[in-house]
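Just below is one structure, and these are the notes that go with it.
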């Protein structure tokens, strides 16, 4: 099976941070995912995830501290 490189996840890069922040905090985007992610959680993911191997599969916690 051929897999185009454009479909393979890659580590989050610094240029990705603003888009991730907007998606994680947008009420309309997050309405069925537990609501917007709290700013302190987004900040923690930004500090710990950018450039980390495998972080492309990472995701912020759901509202109330629940995880995926």
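The values are calculated or read from the model by the stated rules, or taken from the named source; none is laboratory data. Small disclaimer: the values here were computed from a predicted structure and weren't measured. Here Cβ is always computed from backbone atoms with ideal geometry, including for glycine, and neighbour counts include all displayed protein chains.
Considering only region 40-68, state which residues are modelled with pLDDT of 70 or more, touching a helix residue (DSSP H, G or I) at 6+ places or on another chain (Cβ under 7 Å) and assigned to a helix (DSSP H, G or I). Within region 40-68, 42, 46, 49 qualify. Is it the case that some residue within region 2-21 is modelled with pLDDT under 80, out of contact with any strand residue (DSSP E or B) (no Cβ under 7 Å at 6 or more places or on another chain), surrounded by 10 or more Cβ atoms within 10 Å (Cβ to Cβ) and part of a helix (DSSP H, G or I)? So far as region 2-21 goes, no, none of its residues is modelled with pLDDT under 80, out of contact with any strand residue (DSSP E or B) (no Cβ under 7 Å at 6 or more places or on another chain), surrounded by 10 or more Cβ atoms within 10 Å (Cβ to Cβ) and part of a helix (DSSP H, G or I). Filtered by the rule that a residue be touching a helix residue (DSSP H, G or I) at 6+ places or on another chain (Cβ under 7 Å) and either over 21 Å from residue 50 (Cβ atoms) or not in a helix (DSSP H, G or I) (or both), region 22-36 gives 34, 35, 36.
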